[in-house]
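To keep things clear, I will list the structure first and then write my remarks on it.
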């Protein structure tokens, strides 16, 4: 290589980093200035990082210094851009897709205000506030996670695409667990409202394995266990109940049987009723009990009434026996006196 070629090569090598220094900033970064975020044509068809002191087509009420991340197609005839923007000072982040419209509205997607984080809202009410719809998929909450608050409206709100009564979908919280094979997941429990999707204000706890609602509260506030038919009762249970104590209130307790004005049926009248009806007077038949069940308070009172009537019969029989015993004793004493 002759000296002339060597000198030219050295000059080219030396000018290359100098040229780059005129285009790129520190660590190969580059920030330019763009006042109009919606610029089109040659002035706008350039991706990059920008700053501005005179924002145009930036988020509403944008003033003073703003940042802009602009991602565009190199075609200068369109204005299809994906943009992120935010001010120099506030903890705010905005996003938009221009869709060939320089004035496309910006969406505020992130806000941190006094330790509160908001998505789609500028006024977060809690540590995390989301305004709008959202979907969580394959999301886990750590064991032991707690939700606390002091506001009287603290709640988890669930809805569906038709929240108006008369809709066709229910809303529910699902509890999943692994199946017996230990590998796949299956729905074990479901807690929701409007179980039949007919706009009813009800609440149900559904066991998928049983295929029915284990606990159901209808719109009238009736509680059903093992069934969804309350039959007009405040508590309906399809199954056995075991309790240490059951207290039934009753205002019609049959102490009146011992009153002077009570007309005690004769044993003959009771016998005739049994022969004709096949059951005690005032006691429901077996068919009635099978069809309608019994009222515990009412039945206890009826049975006690029969016991009290039976007690009165026994007292009268005792008196009759005592009178007869006295008469028999007199006859015995008389006969003995004659024998002597």
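The values are calculated or read from the model by the stated rules, or taken from the named source; none is laboratory data. Computed from a prediction, not measured in an experiment: that's the story for all the values here. Every residue, glycine as well, gets a Cβ built from its backbone with ideal geometry; the counts of neighbours run over all protein chains shown.
General observations
- Tally, over the stretch 68-119, of residues that are assigned to a strand (DSSP E or B) and at pLDDT below 85: 11
- Note on the stretch 201-219: among residues that are surrounded by 16 or more Cβ atoms within 10 Å (Cβ to Cβ) and not in a strand (DSSP E or B), the one that is modelled with the lowest pLDDT is 202.
- Selection count where residues are under 15 Å from residue 55 (Cβ atoms) and surrounded by 14 or more Cβ atoms within 10 Å (Cβ to Cβ), scope the stretch 79-92: 6
- When 53, 102 are screened for being over 41 Å from the mean Cα position of the chain (by Cα), surrounded by 14 or more Cβ atoms within 10 Å (Cβ to Cβ) and in the same structural domain as residue 35 (by TED's automatic domain parsing), only 102 passes.
- Any hit, the stretch 265-274, residues being part of a loop (DSSP other than H, G, I, E, B) and under 30 Å from residue 236 (Cβ atoms): no
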